[in-house]
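The values are calculated or read from the model by the stated rules, or taken from the named source; none is laboratory data. Computed from a prediction, not measured in an experiment: that's the story for all the values here. When we count neighbours, we look across all protein chains shown, and the Cβ atoms used for this are built from the backbone with ideal geometry, even at glycine.
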Amino acid sequence: MSVDTPAGALRLPPSNFRPRRRWPLARLALYAALFFILVWPVLMLVAGSFRSAAPGFDGAWTLAAWTGTFDSPGTGRAMGNSLVLSLVSTLAATLIAAGLAFLSERTDLPLRRGVTPCLMLMFATPALFYALGYAMLGNAYTGSANKLLQTLFGAGAAWFDVETWTGLITVMVLKKASVIYLFLIGPFRALDPSHNDASLVSGVGQFGTFLRIDLPTLTPAITGAILLGVVAGLQAFDMVLILGWPQDIDVVATRIMSFINGAAPPDYARASVLSIALLAVVALLCILQSRLLGRRSFVTVAGKSGGRRRIRLGRARWPLAALVGLYLLLAAILPTGSVVFSSFQPFPGIYEGYSLQHYRNILALPRVVDAIQTTFAVALLSGFAAMALAVSVALLARALPPRRAALLRFVSLIPLAMPGVVTALAVSWAVVSVPGLKQLYGSFWLVTLALVVVVTPFAIQVANASVAQLSPELQEAARIAGASPFRAAIDVVLRLIAPSFLAGWFMAAIIVSGNLEVPLLLRAPGLNPISSVVYSLYSSGDFSAASALLVILLLAKAAIWGIAWAGYRAWVVVRSQRRRRLLGVLAGGSGAPLSRPAAASA
Amino acid sequence: MTASNGSGVSLQGLRKYFAAGKRVTTAPKRGAIDGLDLEIRDGEFFVLLGPSGCGKTTTLRCIAGLEEPSAGRIALGGGVVADPAAGLFVPPEKRAIGMVFQSYALWPHMSVFDNVAYPLRHRRKGLSREQLAREVGAALELVGLDGLEGRGPAELSGGQQQRVALARAVVARPSLLLFDEPLSNLDAQLRQRLRQDLRRVHEEAGGTSIYVTHDQAEALALADRVAVMRLGRLEQLGTPTEIFLSPATRFVAEFVGFDNLLPGRLTRRDGERASFLPDGWRREVVGRAPAALAVGQRGLLAFRSANLRLEAGVAAQGAANAFAARAGAIAYLGERFQAEVTVEGQRLLASLPLAAWDGRGDLHHPPGWHEAHVTLAPGDAVILPEAAAALDAVAEAA
């Protein structure tokens, strides 16, 4: 083997090659970041419950909060409320969702293809928007639906009032049905048609087959969806805040906030104790759910849905379609319409003089312009950070032995059990516990950090799904070809997951921009994203201005979506053109392969 | 350039364990390696053969550096690349290897040209644009695929993708080529053609090749030497002829298609030639026996149904290895018929040349074969030691 290797064979590595480092720096940094973002806040939340002062202030260690929190009648009532709200709304929503999933996936219902897109849209609409829409629709005095019914059928008492227990639960059911539907639709779609055929051949009718074959097969999925609904119900915040306040309806999440925002001085220790209690219950339910659902978590659209036979509804087709239409009207069209409508009204309850006045007014407010900028910055930044973290975790998990990978995934799902209020609180404790980071408290970066934690579980799902589609051999082939692990990740993995990374980033940004709890609880001075401005406009009675701002937020999201989509299409077109041009050049010069154009290596 | 000790591969006491999940178990896990010693010579085409889960792919991945061995030493061309005891591990990008993956692993976002140029850009930095184009062109020409440089992998057929993967593996002229069941996703005809191309590329590239497969026909066609693996260990090592004609254990015999196995006892020995009395038989069978097996010891007689010939009529008096037989159902295998026969009260599989019967009548109830006999050439019968057979039974029960 000569030292100055010509363009011949490669030299083999010398026998005294340096040993591989056991802990590469990048991996260590990722572990540290994950620990600080996901584990440390929970630990500090627990520690904080034993402190007598607010985060960052001198205090003493004390057990006072642990003994005092659960005695107060308000806390007990809030816990009871949370439980009732969560259970009732989940059961009703599951019934609706299962019915919708059955109708849209297994029957020949007219318009069935429109159901899934509609419910996806509802799923993506922030709860804040939803709650506001209903408030403007069904307020006892000024609600437009009430007014309309009164006009049609004669004036009298209000037909309904959405700002009550019944109203709150109804609205939650309508919204939650869309979430549970998206969980159920995958399993409904993945049902094996041959199982059905076997039952039909055995002489059991269509509906009998559904009851005896399909439903038992779906039991784990439905149970899992119910548990998920209960978890989400226990974490309910925005809707209760907006629809429940006139009746002083308190749940655990709002109670945690009122310990901090509603008390003087703020009682961080009690808020922490209540947070831990909520966290413990929710974590238990989450573990139970993952046991039941196994690996099939989140919206998985799997299985072949090809040419399966659908159940013929016969004469029930159109009545059932009308029923589905009614649900969509109630749950999607009316709330959206009422927000848009009231943004043009001079004031709720006044049905003349429609104008763009509110838009002009709020856009003239400096704090609204600030809010729009803040929202964009926070949403884009935290969405990007969460996706970057999630992709690193997904890639790392693949390189680890199964048990450590499972631990890593579990850790990354911790925030799933934390409502935004708890996350905000825990992150506050975490940041002040680290010397040098204290300055972050009350800043833009603290809000961003908390929102990264909030959106991480979602980002992890997106990242896992897209990384799972990449065969590890693609990366290994790059290593064999002489690329370092880092280089292989850039050349192969990042390039291939870029589209899903962008989609995940965008969706994470949307989720973040609708988050109300974190900015409300962290109350960073001078830092108000759109969601908290909408809330403060609403709670000060300026309903129409709040609506106008929500519409602007929605339009902005649609615009970004459109730009991103157009950009992606343009890129695809340019790429295929480039490839075609290249092919043309190569075909022209195919006789002389050595004079290959430079374009080929570009 | 490739020196005389150039690109041999040496595995010493190679072990690879996988975490066994929740429970700790002593049983070997699928794909684990349990103490493997191999010396692969420079320039050799070496095949690792075995059923799925025997550890052959894990062995290949350890040589590539895609898996870290748990114990043992791996040396490529005299340089140690993995020695966990010494804390030494050379990552794959620092080993002079090329590899063809089972799924081809072509990068879908790169053109054929870019896929093939990739190893050159990383392994042989500083090539001019013209040199790069020339090397890529030469590699594509070697695999018979020039003129498709601008295509994307998705626009190629399976066989073309396979060739691109091969070009990418050889383009940087590695001294060691690794193949992980590269032909298993192709149809039979294409597989045969590519097999010949692989062997030709190996000759022209001039390095060492290690090839993993579970297909004995592939091993036979490609290999200079074959290692049969089982449960993470080496079961038998030899040339294709040695493996296919003289399996050393029951496992290898069954794996390479010895479908008649009869337990019994060695009764007489004359050099390699030996007489063997299967249990319950009245006459002995003559076959080949390894030196280790002594007269009186129990053993296992193994032969292929293709070598047990069924013939009509009564056997000639005193003919060696000829036994009266009754024919049962007959199946048409394409190049011959296979017949179920009863010999000495035992059911065996025998074969019938196509010329011996016109196939008329009922295949499952053939006419006129009740008076028949079978013959077996002594060279086609192998007598295996029973110790191995007993071990096999244990392994199968586990």
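Among the strands (runs of 3 or more DSSP E) contained in the stretch B:243-354, which hold 2 or more residues that are among the charged types (D, E, K, R) and in the same structural domain as residue B:383 (by TED's automatic domain parsing)? Talk me through it step by step, then tell me what you get.
Values: elements: B:260-270, B:273-278, B:285-288, B:298-303, B:308-312, B:322-332, B:336-343, B:346-353.
Because the criterion is at least 2 residues that are among the charged types (D, E, K, R) and in the same structural domain as residue B:383 (by TED's automatic domain parsing), the strands (runs of 3 or more DSSP E) in the stretch B:243-354 that meet it are B:260-270, B:308-312, B:336-343.
Do we have residue B:209 as in contact with a His (Cβ under 7 Å, 6 or more places away or on another chain) and either in contact (Cβ under 8 Å) with a residue 40 or more places away in the chain or at positive phi (or both) here?
Taking the combined requirement at face value, the residue satisfies it.
Could you say whether any residue in the stretch A:568-578 is out of contact with any helix residue (DSSP H, G or I) (no Cβ under 7 Å at 6 or more places or on another chain), closer than 30 Å to residue A:424 by Cα and modelled with pLDDT under 85?
For the stretch A:568-578, residues out of contact with any helix residue (DSSP H, G or I) (no Cβ under 7 Å at 6 or more places or on another chain), closer than 30 Å to residue A:424 by Cα and modelled with pLDDT under 85: absent.
Among the residues of the stretch B:57-75 satisfying the criterion of being among the small types (Gly, Ala, Ser) and outside any strand (DSSP E or B), which is surrounded by the fewest Cβ atoms within 10 Å (Cβ to Cβ)?
Among those residues, the one meeting the criterion is B:70.
For the stretch A:30-120, give me every one of the helices (runs of 4 or more DSSP H) that falls completely inside it and has 2 or more residues that are under 30 Å from the mean Cα position of the chain (by Cα) and closer than 19 Å to residue A:182 by Cα. Lay out the reasoning, then the answer.
Working: elements: A:40-48, A:64-68, A:73-106.
Per the criteria, A:73-106.
Residues checked against (1) closer than 18 Å to residue B:144 by Cβ; (2) within 14 Å of chain A (Cβ to nearest Cβ); (3) at pLDDT below 90:
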position: B:192; (1), (2), (3): yes, no, yes
position: B:200; (1), (2), (3): yes, no, no
position: B:210; (1), (2), (3): no, yes, no
position: B:222; (1), (2), (3): yes, no, no
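Can you pull out every residue in the stretch A:467-503 that is among the hydroxyl-bearing types (Ser, Thr, Tyr), facing another protein chain (nearest Cβ under 10 Å) and part of a helix (DSSP H, G or I)?
none
Which condition from (1) of a type in the set (A, V, I, L, M); (2) touching a residue at least 24 places away in the same chain (Cβ under 8 Å); (3) farther than 30 Å from residue A:25 by Cα is the one that residue A:390 breaks?
The one condition residue A:390 does not meet is (3).
Checking the condition more than 25 Å from the chain's Cα centre (by Cα), modelled with pLDDT under 90, surrounded by fewer than 17 Cβ atoms within 10 Å (Cβ to Cβ) and among the aliphatic types (A, V, I, L, M), which residue from B:329, B:339 passes?
Answer to the check: B:329.
Quick one: how many residues across the stretch B:99-142 are not basic (Lys, Arg) and not in a loop (DSSP other than H, G, I, E, B)?
Residues meeting the conditions: 24.
Yes/no per residue for (1) in the same structural domain as residue B:229 (by TED's automatic domain parsing); (2) surrounded by 24 or more Cβ atoms within 10 Å (Cβ to Cβ); (3) more than 21 Å from residue B:40 (Cα to Cα); (4) hydrophobic (A, V, I, L, M, F, W, C):
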site: B:79; (1), (2), (3), (4): yes, no, no, no
site: B:91; (1), (2), (3), (4): yes, no, no, no
site: B:99; (1), (2), (3), (4): yes, yes, no, yes
site: B:105; (1), (2), (3), (4): yes, yes, yes, yes
site: B:112; (1), (2), (3), (4): yes, yes, yes, yes
site: B:125; (1), (2), (3), (4): yes, no, yes, no
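Go through (1) of a type in the set (A, V, I, L, M); (2) farther than 22 Å from residue B:244 by Cβ; (3) modelled with pLDDT of 75 or more one by one and return the number of the condition residue B:383 breaks.
Failing condition for residue B:383: (2).
Name, by its number, the condition in (1) in contact (Cβ under 8 Å) with a residue 40 or more places away in the chain; (2) touching a strand residue (DSSP E or B) at 6+ places or on another chain (Cβ under 6 Å) that does not hold for residue A:51.
All conditions pass for residue A:51, except number (2).
What about residue B:222, is it in contact (Cβ under 8 Å) with a residue 40 or more places away in the chain and of a type outside the set (Val, Ile, Thr)?
yes
Return yes when residue A:416 is out of contact with any His (no Cβ under 8 Å at 6 or more places or on another chain), away from chain B (no Cβ under 14 Å), over 16 Å from residue A:40 (Cβ atoms) and in contact (Cβ under 8 Å) with a residue 40 or more places away in the chain and no when it is not.
Yes: the conditions hold for residue A:416.
Tell me yes or no: at least one residue of the stretch B:153-175 is without any contact (Cβ under 8 Å) to a residue 40 or more places away in the chain, of a type outside the set (Val, Ile, Thr), in a loop (DSSP other than H, G, I, E, B) and at the interface with another protein chain (Cβ under 9 Å from one of its Cβ atoms).
Checked the stretch B:153-175: at least one residue is without any contact (Cβ under 8 Å) to a residue 40 or more places away in the chain, of a type outside the set (Val, Ile, Thr), in a loop (DSSP other than H, G, I, E, B) and at the interface with another protein chain (Cβ under 9 Å from one of its Cβ atoms).
Identify, by number, the condition in (1) exposed (fewer than 12 other Cβ atoms within 10 Å of the Cβ); (2) assigned by TED's automatic domain parsing to the domain that holds residue A:523 that residue A:362 doesn't meet.
Status for residue A:362: all satisfied but (1).
Tally time: how many residues in the stretch B:217-232 are surrounded by 18 or more Cβ atoms within 10 Å (Cβ to Cβ) and either among the acidic types (Asp, Glu) or not assigned by TED's automatic domain parsing to the domain that holds residue B:18 (or both)?
1
Identify the single condition in (1) modelled with pLDDT under 85; (2) buried (at least 21 other Cβ atoms within 10 Å of the Cβ) that residue B:30 does not satisfy, given that it satisfies every other one.
Answer for residue B:30: the failing condition is (2).
Picking from A:382, A:392, which residue would you name as being surrounded by fewer than 19 Cβ atoms within 10 Å (Cβ to Cβ), out of contact with any His (no Cβ under 6 Å at 6 or more places or on another chain), at negative phi and not basic (Lys, Arg)? Break it down into steps so the answer makes sense when it comes.
Values: A:382 fails: surrounded by fewer than 19 Cβ atoms within 10 Å (Cβ to Cβ).
From the options A:382, A:392, the qualifying one is A:392.
In the stretch A:402-425, how many residues are touching a Gly at 6+ places or on another chain (Cβ under 8 Å) and either surrounded by fewer than 24 Cβ atoms within 10 Å (Cβ to Cβ) or more than 20 Å from residue A:241 (Cβ to Cβ) (or both)?
2
Out of the residues in the stretch B:122-134 meeting the condition of being of a type in the set (D, E, K, R) and under 24 Å from residue B:206 (Cα atoms), tell me which one is nearest to the other protein chains (Cβ to nearest Cβ). Don't jump to the end; show me each part of the working.
Kept after step one, since they are of a type in the set (D, E, K, R), are these residues of the stretch B:122-134: B:123-125, B:129-130, B:134.
Restricting the remaining residues to those that are under 24 Å from residue B:206 (Cα atoms) gives B:123-125, B:134.
Details: B:123: 4, B:124: 7, B:125: 9, B:134: 6 Å.
My answer is B:123.
Could you please give the count of residues in the stretch A:507-531 that are surrounded by fewer than 23 Cβ atoms within 10 Å (Cβ to Cβ) and either outside any helix (DSSP H, G or I) or of a type in the set (Val, Ile, Thr) (or both)?
8
Can you confirm whether residue B:268 is at pLDDT 90 or above, of a type in the set (Lys, Arg) and surrounded by 15 or more Cβ atoms within 10 Å (Cβ to Cβ)? Give the derivation first.
Working: at pLDDT 90 or above: yes; of a type in the set (Lys, Arg): yes; surrounded by 15 or more Cβ atoms within 10 Å (Cβ to Cβ): no.
Judged against the criteria, residue B:268 is not a match.
Restricting attention to the stretch B:69-82, which residues are facing chain A (nearest Cβ under 8 Å) and either touching a Phe, Trp or Tyr at 6+ places or on another chain (Cβ under 9 Å) or farther than 22 Å from residue B:226 by Cα (or both)?
Selection gives B:79, B:80, B:81.
Residues checked against (1) under 28 Å from the mean Cα position of the chain (by Cα); (2) of a type outside the set (S, T, N, Q); (3) more than 7 Å from chain A (Cβ to nearest Cβ); (4) more than 30 Å from residue B:72 (Cβ to Cβ):
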position: B:90; (1), (2), (3), (4): no, yes, no, no
position: B:95; (1), (2), (3), (4): yes, yes, no, no
position: B:105; (1), (2), (3), (4): yes, yes, no, no
position: B:109; (1), (2), (3), (4): no, yes, no, yes
position: B:115; (1), (2), (3), (4): no, no, yes, yes
position: B:120; (1), (2), (3), (4): no, yes, yes, yes
position: B:136; (1), (2), (3), (4): no, yes, yes, yes
